[in-house]
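Trainee: Pasting a structure below so you can have a look.
Every read-out reported here was derived from the displayed coordinates using simple, explicitly stated rules and does not represent laboratory data. The structure displayed is predicted, hence computed values, not measured ones. In this analysis, Cβ positions are derived from the backbone assuming ideal geometry, glycine residues included, and neighbour counts consider all displayed protein chains.
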Amino acid sequence: MDPLTLGAFVAFSTIIVLFSGVSVALGLLIVSTGFLMIFDGMRSLELLPEILFGKLDNFALLSIPMFIIMGSSIASTRAGADLYEALERWLTRVPGGLVISNLGACALFAAMSGSSPATCAAIGKMGIPEMRKRGYPDGVAAGSIAAGGTLGILIPPSVTMIVYGIATETSIGRLFLAGVIPGLLLVALFMAWSLYSTWKSGNRELLTSGNYTWKEKFEILPRVIPFLLIILGVLYAMYGGVATPSETAAVGALLCLLIAMIIYKLWNPKDLWVVLRDSTKESVMILFIIAAAGVFSYMLSSLYITQSIANWIGTLDVNPWVLMGFVNVFLLVAGFFLPPVAVILMAAPILLPIITTAGFDPIWFAVILTINMEIGLISPPVGLNLYVINGIAPDISLKTILMGSLPFVACMVLAIILLCFFPGLATWLPDAVMGPAR
């Protein structure tokens, strides 16, 4: 059978299996094993255990559970609420300070936790009621938190970027740096829309917050600054040549646990057990998907599907940007139904040869891919953040939350367009810090 036709069968079969309700990792293993047995025979299965466990034999993978523990220890405390309160007190005289505080808190907490649902829950529990009490439209209150929560997979340290780096054998340090400026760009776009929407509502009083004394402003800083220093320390250790990402993540996880215990009195063994238990579950899930995706990639390569697709794309007389447009549509649709990690691990083996053949930078493409995954987090039918917000504020209808998040989806699309016109937004900082890529 022609490899391209076979590839279409693989894609169709993968969609059917995943929609059957099985886990992503198990679904990838079922598809991979089935096609290898049919087209390569039973002997091909002898290599599967070696490939499955060999994919996990990577020192960089240690950073995933460490960063997850780091985020879980922060999410289990009042750090999100304190971060929100600190920004609100210090930005009280800034026009629209409340909505800016919420988005700023989402960005910082997302950087600390790396978890989109955790960010929505931590900031939304205080931010949404406070904005509604001040008279902000429900759509702005819910949509801004839902969109702000997505920043966790773009702003470093990002587990999604680590997974992409491992799947494509790309420098994780460069990927982290590539997400900084686009992440700040998204924060700025979110803030601009929130302020415009609030101003458009006609209530100018919403653009001003209450007054706080200097004592109130300073008294909350000791509970917030240590976590921010850890994030800065983690980034400095990685880019200052002090330690590898895995070593840095381990130290960061330990420090976050200690600070959670010291500042927030997280001494109860049951609470610590919950942090470690949930972190282990999430880590195992991600690592199992990575291992299964390794087998899936081997199947695609063994049946000459990946190579044939890349060769076929190379022979097409089509503008590379038209091709990139189709890739973005594919990623957008995939993000509607699957978690970011699954999409990256499934799509990277196929898309990387395509985008490199078309002349696109894989570091730049990582940012484009991640923003598409962010859109999926606030878009139905899966749209995890929408349901998290609905759980926090059940009296706000899911339709209102969705309509409130759509302008932020437009902001993300605008960011993708700006990155296409100005790819240096993603590539300049990695090149400036680490030198031009070879």
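Trainee: Roughly how many nanometres apart are two label points built 7 Å out from the Cα toward the Cβ at Met434 and Val333?
Mentor: 3.3 nm
Trainee: Straight-line reach from Lys133: which lysines have Cα under 17 Å away, leaving out those fewer than 8 places along the same chain?
Mentor: Straight-distance partners of Lys133: Lys125.
Trainee: Give the angle, between 0 and 90 degrees and rounded to the nearest 10, that separates the Cα long axis of helix 320-337 from the longest principal axis of the Cα atoms of the chain.
Mentor: For helix 320-337, the angle is close to 70 degrees.
Trainee: List the lysines whose Cα lies under 26 Å from the Cα of Lys55, skipping any in the same chain that are fewer than 8 positions away.
Mentor: Here the lysines satisfying the reach criterion relative to Lys55 are Lys281.
Trainee: Taking only Cα atoms, what is the 0 to 90° angle, nearest 10, from helix 3-19's long axis to the longest principal axis of the chain?
Mentor: Between helix and principal axis, roughly 40 degrees.
Trainee: Run the reach check for Lys265 against aspartates and glutamates, Cα to Cα strictly under 17 Å, same-chain hits fewer than 8 apart removed. What comes back?
Mentor: Once the sequence-local aspartates and glutamates are set aside, what remains near Lys265 is Asp82.
Trainee: While we're here: What whole-number value in cubic angstrom gives the convex hull volume per residue for the C-alpha atoms of region 3-434? Mind dumping the intermediate values first?
Mentor: Values: hull volume 62.9 nm³, N = 432.
Spelled out: Cα convex hull of region 3-434, divided by residues, is 146 Å³.
Trainee: Further question: Test of understanding: in a Gaussian network model of the chain with alpha carbons linked when under 10 Å, which of Gly135, Gly165, Gly404 would top the mean-square fluctuation ranking?
Mentor: Gly135
Trainee: Within region 1-38, name every residue whose backbone N is under 16 Å away from a label modeled 7 Å from Cα of Leu47 along the Cβ vector.
Mentor: The answer is 32-38.
Trainee: Ok, one more. So which trypsin sites (Lys or Arg not before Pro) in region 1-87 are both in a DSSP loop and have at most 11 other Cβ atoms within 10 Å of their Cβ? Before the final figure, lay out each step's value.
Mentor: Numbers: sites: Arg43, Lys55, Arg78; in loops: Lys55, Arg78.
Passing sites in region 1-87 do not exist.
Trainee: Grab the Cα-Cα distance for Lys270 and Leu406, subtract it from 0.36 nm times how many residues apart they are, and report the gain in nm with one decimal. Don't skip to the answer; put the middle values down first.
Mentor: Numbers: separation 136, 0.36 × 136 = 48.96 nm, distance 3.98 nm.
Extra length from Lys270 to Leu406 when fully extended: 45.0 nm.
Trainee: If you fit an axis through the alpha-carbon atoms of helix 24-40 and take the longest principal axis of the Cα set of the chain, what angle between them do you get, 0 to 90°, nearest 10?
Mentor: 10 degrees
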